[in-house]
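The values are calculated or read from the model by the stated rules, or taken from the named source; none is laboratory data. Note that the structure is a prediction, hence the values are computed from the model and not measured. Ideal geometry is used to build each Cβ from the backbone, glycine not excepted, and the neighbour counts take in all protein chains shown. SASA here: full protein model, heavy atoms, side chains in, ligands and nucleic acids out. Shrake-Rupley method; radii C 1.70, N 1.55, O 1.52, S 1.80 Å.
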Amino acid sequence: QVQLVESGGGLVQAGGSLRLSCAASGRTFNRNTMGWFRQAPGKEREFVAAIKWSGDSTYYADSVKGRFTISRDNANTMYLQMNSLKPEDTAVYYCAADARAWRFGVPQFMYDYWGQGTQVTVSS
């Protein structure tokens, strides 16, 4: 059974930093895109960042570009370094993985595996 587990969320003041981690188990994602998404209260879940299986290609939502950095140090562990946090970054953050290999830049609905989410709260 495939599982994705996020950790690292919490409460931080505006301007602060947090590092989220995502640990996958149950299969290997060494040929698969992984990504981060978030959902704020009363809003739809939105894309944050994605990273290729090789780790050498990434892309970001405009709202986080220059502040967040996505990385992975092996096939099944992914991170999201979040700097200069703003109150509008408050959301539940989810990691996700695409089950199909060699595919990058797919929309949210094409991700197959999802974590349970971790809460990030940024106070002003």
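Candidates in region 82-103 are the residues that are open to solvent by 20 Å² or more (accessible area, probe 1.4 Å) and not in a loop (DSSP other than H, G, I, E, B); of these, the one that is nearest to GLN39 (Cα to Cα) is VAL92.
Based on this model, can you work out whether TYR79 counts as open to solvent by 30 Å² or more (accessible area, probe 1.4 Å), under 19 Å from LEU18 (Cα atoms) and either out of contact with any strand residue (DSSP E or B) (no Cβ under 8 Å at 6 or more places or on another chain) or of a type in the set (Phe, Trp, Tyr) (or both)? Spelling it out, TYR79 is indeed open to solvent by 30 Å² or more (accessible area, probe 1.4 Å), under 19 Å from LEU18 (Cα atoms) and either out of contact with any strand residue (DSSP E or B) (no Cβ under 8 Å at 6 or more places or on another chain) or of a type in the set (Phe, Trp, Tyr) (or both).
Being assigned to a strand (DSSP E or B) and over 14 Å from ALA97 (Cα atoms) is a condition met by at least one residue of region 63-72. Just to be sure, is VAL120 under 21 Å from GLY8 (Cα atoms), buried (at least 20 other Cβ atoms within 10 Å of the Cβ) and aliphatic (A, V, I, L, M)? The answer is yes for VAL120.
Considering (1) under 11 Å from MET34 (Cβ atoms); (2) part of a loop (DSSP other than H, G, I, E, B), the lone condition that GLN116 does not fulfil carries the number (1).
Among the conditions (1) in a loop (DSSP other than H, G, I, E, B); (2) open to solvent by 50 Å² or more (accessible area, probe 1.4 Å), VAL106 misses just one, which is (2). Tell me yes or no: at least one residue of region 101-109 is under 19 Å from LEU18 (Cα atoms) and of a type in the set (A, V, I, L, M). No: zero hits.
Considering SER54, SER71, the condition of being without any contact (Cβ under 8 Å) to a residue 12 or more places away in the chain and farther than 22 Å from SER123 by Cα is satisfied by SER54 alone.
Residue count for region 27-51, restricted to those that are aromatic (Phe, Trp, Tyr), buried (at least 22 other Cβ atoms within 10 Å of the Cβ) and either in contact with a Ser or Thr (Cβ under 6 Å, 6 or more places away or on another chain) or not in a loop (DSSP other than H, G, I, E, B) (or both): 2.
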